Amino acid sequence: QLQASGGGFVQPGGSLRLSCAVSGREFAFSRMSWYRQAPGKHRELVTSITRDGSEHYIAPVKGRFTISEDSRKNMLYLRMVNLKPEDTAVYFCHAFEISVGDIFGQGTLVTVSS
């Protein structure tokens with residue numbers, strides 16, 4: 001089970017850190033990710049991190065978002081700085097392991113507005 005938190009309302013240029021708590025199994029996924037879904041749009045992959053530490057970011061968030069994990073605490077994080085109105089979306093944490101497939105947590109809403 002994945003439980004995301006940390007969303008909220010922030011002005012453009014502001015920062016937030018999203019957290020995702022992993023429970024119910026050992027923290028050992030091949031890949032963990034953050035997705036987002038803006039109003040009226042499809043869910044999109046924002047960033048992912050693999051077991052070997054490789055990170056991937058979509059172009060609009062490169063240099064502003066940072067994904068990280070703490071396996072000792074069973075936590076996944078997304079640090080977001082210099083937020084823009086177009087970052088407004090519901091953010092979902094995601095995990096993938098061959099033995100269990102794709103797992104999505106419930107979303108947390110991020111609203112960027114002046």
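The values are calculated or read from the model by the stated rules, or taken from the named source; none is laboratory data. Since the model is a prediction, treat every value here as computed from it, not as a measurement. Cβ coordinates were reconstructed from backbone atoms using ideal geometry, including for glycine residues, and neighbour counts include every protein chain displayed.
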Of the numbered conditions (1) small (Gly, Ala, Ser); (2) over 30 Å from Ser113 (Cα atoms); (3) at pLDDT 95 or above, Ala28 fails exactly one; give the number of that condition.
(3)
Suppose we filter segment 41-53 for residues that are more than 14 Å from the chain's Cα centre (by Cα) and either aromatic (Phe, Trp, Tyr) or modelled with pLDDT under 95 (or both); how many remain?
3
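Looking at Arg43, is it surrounded by 14 or more Cβ atoms within 10 Å (Cβ to Cβ) and closer than 18 Å to Ser113 by Cα? Step through it out loud before you land on a result.
On the way: surrounded by 14 or more Cβ atoms within 10 Å (Cβ to Cβ): yes; closer than 18 Å to Ser113 by Cα: no.
The answer is no for Arg43.
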Set Ser19, Ser33, Ser5, Ser23: member being among the hydroxyl-bearing types (Ser, Thr, Tyr), modelled with pLDDT under 95 and closer than 19 Å to Ile103 by Cβ:
Ser23
